[in-house]
1. For the stretch 73-99, enumerate the residues that are more than 20 Å from Trp262 (Cα to Cα) and either within 12 Å of ligand 1 (Cβ to nearest atom) or crowded, with 22+ Cβ neighbours inside 10 Å (or both).
2. Looking at (1) out of contact with any Leu (no Cβ under 8 Å at 6 or more places or on another chain); (2) within 13 Å of ligand 1 (Cβ to nearest atom); (3) more than 13 Å from Ala148 (Cα to Cα), can you tell me which one Val276 breaks?
3. Of the residues Glu201, Glu207, only one is among the acidic types (Asp, Glu) and either assigned to a strand (DSSP E or B) or within 28 Å of His85 (Cβ to Cβ) (or both); which?
4. State all residues of the stretch 132-151 that are open to solvent by less than 10 Å² (accessible area, probe 1.4 Å), of a type in the set (A, V, I, L, M) and closer than 29 Å to Asn112 by Cα; if no residue qualifies, say none.
5. May I ask you to list the residues in the stretch 237-262 that are away from ligand 2 (no atom under 12 Å from the Cβ), of a type outside the set (Ser, Thr, Tyr) and either surrounded by 23 or more Cβ atoms within 10 Å (Cβ to Cβ) or under 8 Å from the mean Cα position of the chain (by Cα) (or both)?
6. Could you tell me whether any residue of the stretch 304-322 is farther than 30 Å from Tyr80 by Cα, exposed (fewer than 13 other Cβ atoms within 10 Å of the Cβ) and either within 16 Å of ligand 2 (Cβ to nearest atom) or not hydroxyl-bearing (Ser, Thr, Tyr) (or both)?
7. For residues in the stretch 182-200 being more than 16 Å from ligand 2 (Cβ to nearest atom) and aromatic (Phe, Trp, Tyr), which is most open to solvent (accessible area, probe 1.4 Å)?
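The values are calculated or read from the model by the stated rules, or taken from the named source; none is laboratory data. Quick caveat: nothing in here was measured; it's all calculated off a predicted structure. Here the Cβ positions follow ideal geometry from the backbone for every residue, glycine too, while neighbour counts run over all protein chains shown. Note: accessible area is taken over every heavy atom of the protein model, side chains too, but ligands, DNA and RNA are not part of it. Shrake-Rupley method; radii C 1.70, N 1.55, O 1.52, S 1.80 Å.
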Amino acid sequence: MRIPFRDNLPASAITPEPLYRRRRDVLKLLGLGAVALGSGCSPEATPQAAAPAAPESIPGKSLTIARKLDTTMGETGTRYKDATHYNNFYEFGTGKSDPAANSGGFHPQPWNVEIAGHAEVTGHFTLEDILKPHPLEERIYRLRCVEAWSMVIPWVGFPLGDLLKRFKPTSQAKYVAFTTVQRPAEMPGLNYPVLNWPYREGLRMDEAMHPLTLLVVGMYGHALPNQNGAPLRLVVPWKYGFKGIKSIVKIEFTESQPTTTWNESAPDEYGFFSNVNPAVDHPRWSQKTERRIAGDGFNLFGNRIATKPFNGYADQVASLYAGMDMRKNF
Ligand SMILES: Nc1nc2c(c(=O)[nH]1)N[C@H]1C(S)=C(S)[C@@H](COP(=O)(O)O)O[C@H]1N2
Ligand SMILES: [Mo]
């Protein structure tokens, strides 16, 4: 089956919203160890110059952020309204406005996550258990969808690797597999066989442990809205957006490369690695440019910019793929 990606949005789905103003205290991405700003997780750890809180219209619990990082070094941010009303979350429908429209009945609380596979510690954990030891960071990352549009979003989360280490993966753990919750009563899209449910993703161990890989619980300073993957999702900024699996209920350490939903659905179109790569086109469209959804005008056709290798994160991650043929391992 071929899944036609839809990239159409009724203008009515987007209404003007104050621009999300980016922080002026831009921090340098220097291997990430050097950017820690303050410690602990009290709001006081954040410099007050760190300016405007998220727009007031943002619903959901406000999160306490220990440190901030802008990896885009000043690119214009995407409005909250656009980031929450132009989504891919097929469990709620295949249209871009479906996730916002159809996720109101989803209950991200209480939430449990199963940790399984090759690790010394496994079992079922509450979301609170999962999150407790980790101070939250705000990281402004680009997210580029394989459909050639992109956004700049202030995510709130912490490095996935910090969590994974707590379970003491064994030497057999070569990959990490993720699974999304499957609740047909709350997720109407699950009643259609457009993908093999549940949605699954995977990373190689070194990718999962990379400090840029973020386990996300919020955006724009607040808890994730349902349509963006509440209560827990992945963001891997150098990979196409579909690697950012939403509403995670299972994390498994595996020895062999896990099956991933999009790769299973169309192996010639969506590889396991799916690193953003302008030199390797999707079989049905170019990946050389992208439509940046940012600023105060949502423009379906404008704001076209060049796509960067590894989505602009090559300095940090290209070495993970040294010696690999990126055309074969797309
Ligand atoms: N469970 C699940 N996760 C998913 C998807 C999905 O359909 N189901 N879509 C992916 C795709 S294609 C993209 S581009 C991003 C979009 O994230 P956003 O809506 O927060 O921008 O989520 C990814 N995670
Ligand atoms: Mo995507």
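1. Gly77, Thr78, Arg79, Tyr80, Asp82, Ala83, Thr84, His85, Ser97
2. (3)
3. Details: Glu207 fails: either assigned to a strand (DSSP E or B) or within 28 Å of His85 (Cβ to Cβ) (or both).
Step by step, each of Glu201, Glu207 is checked, and only Glu201 is among the acidic types (Asp, Glu) and either assigned to a strand (DSSP E or B) or within 28 Å of His85 (Cβ to Cβ) (or both).
4. Scanning the stretch 132-151 gives a single hit, Ile140.
5. Within the stretch 237-262, Pro237, Trp238, Ile248, Ile251, Phe253 meet the criteria.
6. Yes, the stretch 304-322 has at least one match.
7. Filtering first and then ranking leaves Tyr192.
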